[in-house]
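Participant: My structure is below; once you've seen it, I'll send some questions.
Nothing in this text is a laboratory measurement; each read-out follows from the coordinates by a stated rule. Values in this document were obtained by computation on a predicted structure and should not be read as measured data. When we count neighbours, we look across all protein chains shown, and the Cβ atoms used for this are built from the backbone with ideal geometry, even at glycine.
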Amino acid sequence: MQKFALFTGSCQSMPAIQYLLQTGKLACVVLIDAQPNPDLAQLQYWLQQNRISTLQYKKNNEPELMAQLDALEVNHGLLYMFRHKIKPSLIQYFAQKLVNIHPSPLPNYRGHLAIVLAVAKW
């Protein structure tokens with residue numbers, strides 16, 4: 001069975017989270033390590049209200065994060081407007097079952113004001 005970890009920090013990911021939740025494929029949401037902002041705060045509140053499991057991504061905690069993902073039996077990853085570059089060890093963890101969705105070509109058009117939709121798969 002597919003069990004997804006959705007990596008995000010934006011409310012714009014809520015439809016994807018709802019879809020994965022409704023289809024029984026959502027294991028958890030991995031939140032960005034960022035300064036508090038209204039978008040992230042609203043997302044965190046919504047996740048709490050819907051009792052959705054969350055994990056915290058920190059740049060130097062890949063082994064701890066991978067252990068938590070193992071405990072949740074995660075086997076697929078979806079990055080949706082995720083602000084951090086994922087390290088090779090975490091990419092390898094997903095064994096080519098990791099997709100990055102960002103609204104613009106990376107790395108040239110980074111940031112929250114991106115307009116063009118681009119899907120990059122590692």
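Participant: Apply the Karplus parameterisation 6.51 cos²θ - 1.76 cosθ + 1.60, with θ equal to phi minus 60°, to every residue of the stretch 82-90 and state each ³J(HN,Hα) to the nearest whole Hz, in sequence, with x for glycine and proline.
Facilitator: Per residue, the Karplus-derived 3J(HN,Hα) values read 8, 7, 10, 7, 7, 6, x, 4, 6 Hz.
Participant: Right, here's the next one. Suppose R0 equals 22 Å; then what is the FRET efficiency for Arg51 and Glu73 from their Cβ-Cβ distance, rounded to the nearest 0.05?
Facilitator: Numbers: r = 18 Å, r/R0 = 0.83.
After rounding, the FRET efficiency stands at 0.75.
Participant: So what is Rg over Rh here for the stretch 1-85, counting just Cα atoms and using Kirkwood for Rh? The partial results should precede the final answer.
Facilitator: Numbers: Rg = 12.0 Å, Rh = 12.8 Å.
Using only Cα positions, Rg/Rh for the stretch 1-85 is 0.93.
Participant: Quick one: which residues, 5 or more positions from Val99 or on another chain, have an amide H under 5 Å from its amide H? H modelled 1.01 Å from N in the peptide plane, none for Pro or chain starts.
Facilitator: When sequence neighbours closer than 5 places are left aside, the close amide H contacts are Gly77, Leu78, Leu79.
Participant: While we're here: Using 0.36 nm times the number of residues separating Gln12 and Glu62, minus their current alpha carbon distance, what extension gain do you get?
Facilitator: Details: separation 50, 0.36 × 50 = 18.00 nm, distance 2.48 nm.
Full extension from Gln12 to Glu62 adds 15.5 nm.
Participant: Given points 7 Å out from each Cα along the Cα-Cβ axis, report the Ala41 to Gln92 separation in nanometres with one decimal.
Facilitator: 4.0 nm
Participant: Sorted by mean Cβ packing within 10 Å, highest first, what order do the peptides 13-23, 44-54 take? Intermediate values should be presented prior to the final figure.
Facilitator: Numbers: 13-23: 15.5, 44-54: 12.5.
Top of the packing list down: 13-23, 44-54.
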